[in-house]
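The values are calculated or read from the model by the stated rules, or taken from the named source; none is laboratory data. From a predicted model like this one, the values you see are computed outputs, not experimental measurements. Cβ coordinates were reconstructed from backbone atoms using ideal geometry, including for glycine residues, and neighbour counts include every protein chain displayed.
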Amino acid sequence: MNPDFLVIGAGVAGMRAAIELAAAGQVLVVAKDSLRESSSEYAQGGIAVALSDDDEVELHEQDTLAAGDGLCDHAAVHALVEGGPAAIQQLIDWGAAFDREGGSLAFTREGAHSRNRILHAHGDSTGREIARTLYRQAASLPNVTFRSYAATIDLLLVDGVCGALLWDGNSQSLHAVHARAVLLATGGLGSVFSNTTNPDIATGDGVAMAYRAGAEISDLEFVQFHPTALHVDGAPRFLVSEALRGEGARLLNARGERFMERYHPLAELAPRDVVSRAIVTEMERTGATSVALDLSHREPGFVRARFPRIYETCLRYGVDLERQPAPVAPAAHYAMGGVRTDLDGRTDLRRLYAAGEAACTGVHGANRLASNSLLEGVVFGARAGLAMLEWAGAQRTEQGIAPESRDSAATAAEIRALAWERCGIVRDAEGLQAAIRRLEDAERPGGLAPQSAEAANMRQVVLLIARSALAREESRGAHFRRDYPHKLAAFEKHSIARQGADVTFR
Ligand SMILES: Cc1cc2nc3c(=O)[nH]c(=O)nc-3n(C[C@H](O)[C@H](O)[C@H](O)COP(=O)(O)OP(=O)(O)OC[C@H]3O[C@@H](n4cnc5c(N)ncnc54)[C@H](O)[C@@H]3O)c2cc1C
């Protein structure tokens, strides 16, 4: 079936857009795994919104700008925080059950927020509750069709972007899907790193496909590393939410010393990049592979009631958070950069839109404020959907062509290790150049077989991260260069990568 609108990705951004698009035509939402396998589904801590009695949109705006370290797009931040309260009310109207205290919405605090403004659901299953609400709403609309295990391999080009090549995992066949407009809502890229909190699907496919199609990619050097992922041998790097530190959890090094006060006045609630680098320093200093996150001083039953999912998961890997600290270490978590868009999801290619973590509106600048990304998904997902309606009257173009693709001679595991070692929390020119050389050598010409599409995308994405990080000869936000440890006014600009050109700044 050729829909009017093709939405690539079934996380919060894609589903929120689909709900708007259903008013103007047939919408096909595709997901490369099951519909539930997305970062949205795993988001725990909450969604930030200026709705509590002592909060104001302006304060949320100031906190977001401060976290972004001089690189936020002010108009995008304004659109996010101002659109927040209505977006949340809409979710509540559609049935989202955020946690309440005595009938009123319950707000908690996370790092670098000046007010308690984080809404949560079922304690620590906020993303799942929002995704469930949006799915129910979208699936109730007759114009919206979902297809799982359907991975887009490449975009189809003619008069901009007119569809995508889709690998249908159920029938094991490749199809061309043509549409009037296409939305990339493919989520993040954490899984190009060997340590990540992200699900396996997060390989930056949207960024790689858009880049091959000729779109601008922006700020890819800014990858947020979450300081506290569970670090137990054989276990996935499960995120132990910042909200635990909001509730008083302390970080202790291998000698049992509390160390964050030595690094930042906000101690455990300092910005994520500061906490991540402090943990790396302490691990190096003590020769340990993790530090300890301790909330065992809280009253019995607190952790289990407030963080049921985290408590159960840690327990499954032998850690009882009520009684003992959890071993934690940093892991790749969130991409501030992505496919460059305006405030309504428009990329610089006609008929191609992007929203959510795959997009870069500039709203997060050099570092994302905690819990702003679920909000980004619902606010900018809806805006992109509305903008795409402009194309409702346009003709669908058939017979688009896929851009020339490249295969990867490096395996996914090799790419992940290279990304972690050379493009991780602490970078330098030597390591970045080595990564670039290795990845350039691993390029193989030829068609893109569906089975190898993911590794090819990962190679492309890590190459973009490395080139952007090498070009940014300063340290800012989540990007840290040991050879350029200071922030420089000359780099208060966004990096732009485009096929066939060097990385530039604008
Ligand atoms: C463990 C964890 C905890 C988090 N906690 C929070 C939090 O508390 N608050 C907060 O605000 N943010 C949090 N985040 C970040 C937030 O969850 C994400 O940024 C956000 O959910 C991204 O939404 P999205 O719709 O852009 O992408 P996703 O929800 O990741 O969805 C991506 C979709 O794209 C599909 N896809 C990808 N590639 C292809 C392809 N080639 N073909 C077809 N489909 C494709 C996937 O199958 C999936 O359906 C957390 C993230 C993680 C990983």
Notebook entry, point to check: Taking interchain pairs and intrachain pairs at least six residues apart, which have beta carbon atoms under 6 angstrom, with the first residue in segment 212-237 and crowded, with 23+ Cβ neighbours inside 10 Å and the second of a type in the set (Phe, Trp, Tyr)?
Noted result: Ile217/Tyr211; Gln224/Tyr334; Leu230/Phe238
Notebook entry, point to check: List, please: which pairs have Cβ atoms under 9 Å, are six or more places apart or on different chains, and start with a residue in segment 417-441 that is over 23 Å from Glu284 (Cα atoms) and end with one that is hydroxyl-bearing (Ser, Thr, Tyr)?
Noted result: Leu439/Ser408
Next item on the list: Taking Ser452 as the residue in question, decide whether it is surrounded by fewer than 24 Cβ atoms within 10 Å (Cβ to Cβ) and either among the small types (Gly, Ala, Ser) or outside any strand (DSSP E or B) (or both).
Entry: yes
Notebook entry, point to check: Could you give every pair whose Cβ atoms fall below 8 Å, whose first residue belongs to segment 103-129 and is farther than 17 Å from Gly248 by Cβ and in a helix (DSSP H, G or I), and whose second residue is at pLDDT 95 or above and more than 12 Å from the ligand (Cβ to nearest atom), counting only separations of at least 6 or pairs across chains?
Noted result: Thr126/Phe98; Glu129/Ala96; Glu129/Ala97; Glu129/Phe98
Check: Quick one: is Thr228 in a loop (DSSP other than H, G, I, E, B), closer than 15 Å to Pro325 by Cβ, out of contact with any Cys (no Cβ under 8 Å at 6 or more places or on another chain) and of a type in the set (Val, Ile, Thr)?
Finding: no
Item checked: In segment 57-89, the residues that are free of Cβ contacts under 8 Å to residues at least 12 places away in the same chain and farther than 30 Å from Leu488 by Cα -> Ala86, Gln89
Next item on the list: Spot the failing condition for Val161; the list is (1) surrounded by 24 or more Cβ atoms within 10 Å (Cβ to Cβ); (2) within 13 Å of the ligand (Cβ to nearest atom); (3) within 16 Å of Ile8 (Cα to Cα), and only one is missed.
Entry: (2)
Margin query: Can you tell me which condition Glu414 does not meet? The list is (1) closer than 30 Å to Arg117 by Cβ; (2) charged (D, E, K, R); (3) outside the structural domain of Gly9 (by TED's automatic domain parsing), and all the others hold.
Written below: (1)
Next item on the list: State which residue is nearest to Gly68 (Cα to Cα) when the search covers only segment 199-221 and only residues that are part of a loop (DSSP other than H, G, I, E, B) and in contact with a Leu (Cβ under 8 Å, 6 or more places away or on another chain).
Entry: Asp219
Notebook entry, point to check: Hey, does segment 386-395 have a residue that's in contact with a strand residue (DSSP E or B) (Cβ under 9 Å, 6 or more places away or on another chain) and buried (at least 24 other Cβ atoms within 10 Å of the Cβ)?
Noted result: yes
Margin query: Can you confirm whether Arg285 is within 23 Å of Val192 (Cα to Cα) and either buried (at least 18 other Cβ atoms within 10 Å of the Cβ) or not hydrophobic (A, V, I, L, M, F, W, C) (or both)?
Written below: no
Check: Would you pick out the residues in segment 53-76 that are crowded, with 17+ Cβ neighbours inside 10 Å and either among the charged types (D, E, K, R) or touching a Lys or Arg at 6+ places or on another chain (Cβ under 6 Å) (or both)?
Finding: Asp55, Glu61, Asp63, Asp69, Asp73
Item checked: helices (runs of 4 or more DSSP H) completely within segment 1-81 that count 1 or more residues being in contact with a Phe, Trp or Tyr (Cβ under 9 Å, 6 or more places away or on another chain) and either hydroxyl-bearing (Ser, Thr, Tyr) or within 14 Å of the ligand (Cβ to nearest atom) (or both) -> 12-21, 39-42
Next item on the list: Would you check if Ile425 is modelled with pLDDT of 95 or more and either in contact with a Pro (Cβ under 9 Å, 6 or more places away or on another chain) or not acidic (Asp, Glu) (or both)?
Entry: yes
Next item on the list: Working only within segment 404-415, note down all residues that are buried (at least 21 other Cβ atoms within 10 Å of the Cβ) and modelled with pLDDT of 95 or more.
Entry: Ile415
Check: From the set of residues in segment 160-198 that are in a strand (DSSP E or B) and free of Cβ contacts under 8 Å to residues at least 60 places away in the same chain, which is farthest from Trp391 (Cα to Cα)?
Finding: Ser173
Note to self: Here are the criteria: (1) in a strand (DSSP E or B); (2) over 19 Å from the mean Cα position of the chain (by Cα). Tell me which single one Ala151 does not satisfy.
What the structure shows: (2)
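Quick grid of which residues meet (1) under 25 Å from Leu244 (Cβ atoms); (2) surrounded by fewer than 21 Cβ atoms within 10 Å (Cβ to Cβ); (3) away from the ligand (no atom under 16 Å from the Cβ):
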{"position": "Gly95", "(1), (2), (3)": "no, yes, yes"}
{"position": "Ala106", "(1), (2), (3)": "yes, yes, no"}
{"position": "His113", "(1), (2), (3)": "yes, no, no"}
{"position": "His120", "(1), (2), (3)": "yes, no, no"}
{"position": "Asn143", "(1), (2), (3)": "no, yes, yes"}
{"position": "Ala150", "(1), (2), (3)": "no, no, no"}
{"position": "Leu155", "(1), (2), (3)": "no, no, no"}
Checklist line | Given (1) aliphatic (A, V, I, L, M); (2) within 17 Å of the chain's Cα centre (by Cα); (3) surrounded by 24 or more Cβ atoms within 10 Å (Cβ to Cβ), index of the condition Ile425 fails | finding: (3)
